[in-house]
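Here the structure is laid out as structure tokens; the discussion comes afterwards.
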Amino acid sequence: MRMTLNLRPLLLATLIAGTWIGGTPAATAQVILGLPDEEAATPSKQAASDAVKSNMKSVRKLVLDAHTLITHRRFSPQQARRLSDDLKRHADALRADAAASSDIVTPLAEGAAEIGAPMQGESQFDALTKLETALARYPQIYDDPDWKPLR
């Protein structure tokens, strides 16, 4: 029993030191526990169809162009309606593609609907957050080597 108590601090110190040296705690735990490589443990990404790639690239550009206007509260109702219409068009095109993930389409469609609605208070920021969520999930789900993050 005494030996078990002495191993806990050693294991903890090894985990912390491995994090500083080797990267993530999960990778360090894999080495300590003898688990298979991280690549084998993570699910593989889907191949993005050309339609998904082009629609998401267009959505990224639309959100990037509107981001500063929204954050500086200079986004007019006309601009909001135009952005909403464009985003809804891309969300509909993604829904029609069998390869499109609902993890991306749902926040994209919700953000598009909210951004075009009459705005009160922080609702434009909430809509922008949903759009950014959809864009952040894209590289987690799809293998697209040409994808550039929003920031």
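Here are the numbers for the structure shown:
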quantity	calculated
Count of region 84-99 residues which are hydrophobic (A, V, I, L, M, F, W, C) and closer than 17 Å to E132 by Cα	3
Failed item in (1) under 11 Å from the mean Cα position of the chain (by Cα); (2) crowded, with 16+ Cβ neighbours inside 10 Å; (3) part of a loop (DSSP other than H, G, I, E, B), with L131 passing the rest	(3)
Extreme residue, surrounded by the most Cβ atoms within 10 Å (Cβ to Cβ), among residues of region 61-73 that are at pLDDT below 90 and closer than 17 Å to K130 by Cα	I70
Matching residues, region 105-128, being buried (at least 16 other Cβ atoms within 10 Å of the Cβ) and either outside any helix (DSSP H, G or I) or outside the structural domain of D65 (by TED's automatic domain parsing) (or both)	M119
From S76, S44, S54, S58, residue being modelled with pLDDT of 90 or more and exposed (fewer than 14 other Cβ atoms within 10 Å of the Cβ)	S54
Failed item, numbered, when D126 is tested on (1) out of contact with any Gly (no Cβ under 9 Å at 6 or more places or on another chain); (2) modelled with pLDDT under 90	(1)
Number of positions in region 91-104 that are assigned to a helix (DSSP H, G or I) and surrounded by fewer than 20 Cβ atoms within 10 Å (Cβ to Cβ)	6
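The values are calculated or read from the model by the stated rules, or taken from the named source; none is laboratory data. As the structure is a computational prediction, the values presented were derived from the model and not from experiment. All Cβ positions, glycine included, derive from the backbone under ideal geometry; neighbour counts span all protein chains shown.
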